[in-house]
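The values are calculated or read from the model by the stated rules, or taken from the named source; none is laboratory data. None of the values given here were measured: they were computed from a predicted structure. Quick reminder, even Gly has a Cβ in these numbers, built from the backbone with ideal geometry, and neighbours come from all protein chains shown.
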Amino acid sequence: MFKIHEKLKKIRQIRGYNQADMAKQLGMSVASYSRIEAGKTNLNIDCLKKICKVLEIELIDLLENNIQFLAEPKVGYEKRATLKEHQEKKTIESLIEENNLLLKTMLNLLEQQKETNNKLLTFLIKRKK
């Protein structure tokens, strides 16, 4: 079973980054990042999230004991991103369809109002004569 700092090192290597690359992306010194991979630094959740973003993995993948996702770099991340994009697209399409239905309803109501106004106007004109 890998510890988090060991997983970070393994994933970084799979991604083809060196410690200097990671440190630069995270806005810290190489020595600070090196201490993370050595397990000499306690990591807070914000730091872990930043590291996961750079490595293009989900935090849950890092925290789980399942290391299968290490075998295929970025695949899991891309699949989740694609799924999320698909879900967002479906949501947007659904909202557009709902909006179109509302617009059609409003148009029908306006047509009815126009007919009512025309009838009222005709009535008033006849009454005035």
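Go over the candidates L55, L83 one by one and state the one that is at pLDDT below 90, closer than 19 Å to E6 by Cβ and of a type in the set (A, V, I, L, M, F, W, C).
Numbers: L83 fails: closer than 19 Å to E6 by Cβ.
Answer to the check: L55.
State all residues of region 21-33 that are touching a residue at least 12 places away in the same chain (Cβ under 8 Å) and either in contact with a strand residue (DSSP E or B) (Cβ under 7 Å, 6 or more places away or on another chain) or surrounded by fewer than 16 Cβ atoms within 10 Å (Cβ to Cβ) (or both); if no residue qualifies, say none.
Quick first cut of region 21-33, residues touching a residue at least 12 places away in the same chain (Cβ under 8 Å) only: 22, 25-26, 33.
The one that is touching a residue at least 12 places away in the same chain (Cβ under 8 Å) and either in contact with a strand residue (DSSP E or B) (Cβ under 7 Å, 6 or more places away or on another chain) or surrounded by fewer than 16 Cβ atoms within 10 Å (Cβ to Cβ) (or both): Q25.
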